[in-house]
1. What pairs come up if the first residue lies in segment A:307-330 and is at the interface with chain B (Cβ under 9 Å from one of its Cβ atoms) and at positive phi, the second is in a loop (DSSP other than H, G, I, E, B) and surrounded by fewer than 23 Cβ atoms within 10 Å (Cβ to Cβ), and their beta carbons are under 9 Å apart, counting only those six or more places apart or on different chains?
2. So which residues in segment B:162-176 are in contact with a strand residue (DSSP E or B) (Cβ under 8 Å, 6 or more places away or on another chain) and either buried (at least 24 other Cβ atoms within 10 Å of the Cβ) or among the hydrophobic types (A, V, I, L, M, F, W, C) (or both), if there are any at all?
3. Which of the residues spanning segment B:177-191 are within 14 Å of another protein chain (Cβ to nearest Cβ) and surrounded by fewer than 24 Cβ atoms within 10 Å (Cβ to Cβ)?
4. Can you give me the ranges of the strands (runs of 3 or more DSSP E) entirely in segment B:85-162 with at least 1 residues that are free of Cβ contacts under 8 Å to residues at least 40 places away in the same chain and facing chain A (nearest Cβ under 10 Å)?
5. Kindly indicate which of A:Val108, A:Val51, A:Val55, A:Val104 is facing another protein chain (nearest Cβ under 9 Å) and surrounded by 18 or more Cβ atoms within 10 Å (Cβ to Cβ).
6. I need the full set of residues from segment B:194-253 which are in a helix (DSSP H, G or I), small (Gly, Ala, Ser) and more than 24 Å from the chain's Cα centre (by Cα), in order please.
7. Name the one entry in A:Asp322, A:Asp223, A:Asp271 that is among the acidic types (Asp, Glu), in contact with a helix residue (DSSP H, G or I) (Cβ under 7 Å, 6 or more places away or on another chain), more than 24 Å from A:Asn193 (Cβ to Cβ) and modelled with pLDDT of 90 or more.
Amino acid sequence: MTDIAPTAPQAPNWRATFRKITNSSAVTVVLAIVVALVVGAILIAAADEDVQRTVTYLFAQPGDFFVALGQSIGGAYAALFQGAVVNFGASSSGAALLPLARTVANSVPLIFAGLALGMGFRAGLFNIGGQGQIMLGAVFCSYLGFALHLPVGLHVIVCVLGAFVGGAIWGFVPGILKATTGANEVIVTIMLNSIAGFLLGFLLTLQSFRVPGSNNPISPMVDANALYPTFFGTPVSVGFVLAIAAAVGVWWLMERSTLGFRIKAVGANKDAALTSGMNVRTTYIWVMTIGGGLCGLAATAPLLGTPSQALSVDIASTFGFDAITVALLGRSKPLGTVLAGLLFGGLRAGGYMMQAGTGVPIDIILVLQSVIVLLIAAPPLVKAIFRLPDPSRRHKVRRARGMKASVARSEVTA
Amino acid sequence: MVTLGHTETNMIGFTVKKLATSAIIVAAAAVALSGCGAAPGTGGTNTTAPAATQYPDFLACMISDAGGFDDRSFNQSGWEGMTRAEKELGIKVKKAESKDSTDYANNLASMQDQKCDITFTVGYNLSDATKAQATKFPDTKFAILDDNQISLPNVKSLIFKTSDAAFLAGYAAAGYSKTGTVATFGGIKLPTVTIFMDGFVDGVAQYNKDFSKSIKVLGWDKEKQDGSFTGDFDDQTKGQNLSNNFISQGADVIMPVAGPVGAGASAAAKAAGNVAIVWVDADGYESSPQFKDLFLTSVVKQMSVTVYDTILATAQGKYSNTTYVGTLANDGVGIAPYHDYESKLSKDVQDKITDLKKQIVDGKLKVTSPSDPQ
């Protein structure tokens, strides 16, 4: 116990924050999205050249300004919608729904990694290592994909398993360190992200990871047999089906299995779980290992999806970090994570169209995502903006009393 | 605890209200102050020159690599060619910035929907994605900068034999050095980076041969193809630290091949006082005027000219997939004027460099690098 003692004062704060976020009501989430869109609109308008020009003679000819304002905001959000949901200008109904397919394809890595991190949150573990776990999954998946030449079907399965194992190894390390030495998983996973990044960079300097005859640090593409089969020639692939299956699997694990019960018990109160005879240490190891594996599966989306990508240093994109927000937005529940993953996948897909079509920088998407999470993390802010009653005030009092009691208890045990 | 919780909520509510009110006042004031100008055509004089309109229906698009269009290096140079074409030819332009490799295919797909007449992709990183897209859409024209791995009828490669120009810069650096030590470092070990370093090392070796000197080069070993790299194209502090190391080892000319990280080298040189910098990609004297008194010369890659020429040819219906190689002969690469160092670099060395340039152009002298375009 003594070795975990130094981190103890922090733990209740984090847990309280998690609980606040995961207990946020659906109304808060919807309102947070609305506020984010308004903030985004202001930024889009402020950055627009026509708006900047017309505002200088606002009083002489106010019409110009409002037309420019409407065009910049309307144009950007219309492009966002057309890039993420339906393209009304398309020639056929298949092409019109292509954006939706892109949204689904973009959501796959976010759902996998979001599920992984959500599981960790419910065990009270803040896994920041999604990024590194995805990289390791990518290394395994990619190597098995281009070095082996297996028949259709089998090759995909081998690559997917490889991705899971790669991620699981990188998740196991912080798990075992936390269990045996009490090492803070936040610090360990952040460090492992850097190590994974440099490891990947090093591997790509080796000839065995490069396209034969090339000096560029990019691996060959995986075999065509290893690619996820796609549906009707759209970017939607079996990868999405796997992601949904993973969500169902995580739901079953958390709600129906003994391990899931243990995970939730440890997350709610690890001392109580320990007292009631649960093995907290193995629970930590399991959560981190399974979570790492799920993160590893996120790597299959760019590598085995269509269009496929070769292994490069930035293969993990920002999936590992975006997944934290996806898991928070999805309140760490599988269904919520899938929906949040689809929302963020849509923002991603729409962002590309917004940038290409209207020239609005894709950074706006990051602003939208950040504002959404900021507001969800600070429900009082949303409530103040919309003057909502505060239904949690009663709970807060109860929780505060409970917390005071638990602090007193821990002081006694210390 | 109860009252505390209560006050807290009220305080937040109050602050937000107050904040919103003040924000509105500020915004209104800003609009009121700035909004008093006259509308164009209603009394204000319109001073903008009429825009060129030769090709009003031509749409050129560009997709950056992860460096973004503000990298003061090759993405930016490429984009300058686009904006010049917009101004001088009256074409329309669109751009999409990539943050990392997962963006490439997505950006290409979005650009496809914009129906571009030509789509530029910047950097070898986009090679795979460009190839896939060009195969899928054989009627769309593409051009890729700094890469020549694709041979398709609708992809034009634009590459540069930078080692020739870096050779001349290395010669100049060796000729200028008083300490007998010069240095170079890269951002990331990529062929488009090390090609500069290879040429630089060879240029110094040529100077040593011609003048029987033994000027040392720190930071790059051409034989082993290994040397000093900061590890990214972002962190200027690393560039500064690395440069300080070189300076403490006696280097008085440094060539950073690291895009924005080069500014860290300039800062270190400025602090040291008697150290010169060889800039790359663009003429540093113009692109980084705050350090202009540091630049001995620059290894220039004429990306913007190349992009502009490609747009013009395509708009005139003369697009071809022939690979363009920028060389000293066609001025696709070169070294910038010595500017403030004109008088500090001996006449002998300057004449020798002019002569060497001629020899390379005539094919009498060959500069080779493993990273040369094949």
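1. Short answer, once both residue conditions are applied: A:Ser317/B:Lys99; A:Ser317/B:Asp100.
2. B:Thr162, B:Asp164, B:Ala165, B:Ala166, B:Leu168, B:Ala169, B:Gly170, B:Ala172, B:Ala173, B:Ala174
3. Residues satisfying the conditions are B:Ile188, B:Lys189, B:Leu190, B:Pro191.
4. Filter on segment B:85-162 gives B:92-96.
5. A:Val55
6. B:Ala205, B:Ser248
7. None of the other options fit; the residue is A:Asp223.
Every residue, every condition in (1) assigned by TED's automatic domain parsing to the domain that holds B:Trp220; (2) surrounded by fewer than 20 Cβ atoms within 10 Å (Cβ to Cβ), yes or no:
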| position | (1), (2) |
| --- | --- |
| B:Gly262 | yes, no |
| B:Ala271 | yes, yes |
| B:Val280 | yes, no |
| B:Pro289 | yes, yes |
| B:Asp293 | yes, yes |
| B:Asp309 | no, yes |
| B:Ala315 | no, no |
| B:Val325 | no, yes |
| B:Pro370 | no, yes |
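The values are calculated or read from the model by the stated rules, or taken from the named source; none is laboratory data. All values reported here derive from a predicted model rather than from experimental measurement. Backbone-built Cβ (ideal geometry, glycine too); neighbour counts: all protein chains shown.
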